[in-house]
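Down below is the structure, laid out as structure tokens.
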């Protein structure tokens, strides 16, 4: 008799949105979340000491607002994950516009793939020159994956569109670098979650993102510097060859387990 694996179960969903001084973007984002084919069970907006009306916009739209005075997206995002009550945590940025099916697609994937704890979605630009949106998105996100996949030994996460089980977050919450505002929180998460958890790419989980990374040369250079800082901060323990060997061992264990289950 063939052994049965874990069976899909319904999961509650929390959407986490860190925000700092982006009331207009947040308003658009929350409007898109209100139109989802599968509404999230809760939305947590983390106000990172905004000086504008971001927190008021969040409250007016019925979200749960928490305050994080420690500067930086790593601290704000982690505070939101800590506060989340849902079994599945979805993350996007305040200037993102999710497709109407975003929550449904991510939650469906989580139910269908109980052996996977972390999911990465796709993205496209929704502002800037129209003729540049598609090619620039392909170049930007393609380069991101091409550089970081060999560095990590697995797919990287993209902070504007990710999902993880709350149980997975709890296992890494004490070790992420939430206190360093000059790190990329999504890349840091990639190092910590990818160490023990499978990451699955979900191309149908579509997300509209802003072209802000290309607003100026200095803004882009700052992102690159933060990326390098995040990678180097994890060395030598997480040096690429070490992670490759670990990933290979993990894949071998999964293959053996699958063979035993099917025999």
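Quick look at the numbers
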| read-out | value |
| --- | --- |
| Extended-chain gain in nm, criterion 0.36 nm per residue less alpha-carbon gap, residue 196 and residue 24 | 58.1 nm |
| CD proxy at 222 nm, helix term only [per DSSP H run n ≥ 4: -39500 (n - 2.57); per residue of the chain; nearest 500] | -14500 deg cm²/dmol |
| Relative contact order of segment 13-257, pairs being alpha-carbon contacts under 8 Å that are 6 or more residues apart, as % | 23 percent |
| Rounded to 5, the percent of DSSP beta bridges in the chain classed as antiparallel | 30 percent |
| Most to least packed among 149-158, 12-21 [average Cβ atoms within 10 Å] | 12-21, 149-158 |
| Peptides ranked, highest mean first, by Cβ atoms within 10 Å: ranges 100-107, 214-221 | 100-107, 214-221 |
| Mean projected area (nm²) of the alpha-carbon convex hull when the chain is viewed from all directions | 14.4 nm² |
| Sorted peptide list for 173-184, 247-258, 84-95, 135-146, criterion being average Cβ within 10 angstrom, highest first | 84-95, 173-184, 135-146, 247-258 |
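No lab work stands behind these numbers, since they all come straight from the coordinates. This is a predicted model, so every value here is computed, not measured. Ideal geometry is used to build each Cβ from the backbone, glycine not excepted, and the neighbour counts take in all protein chains shown.
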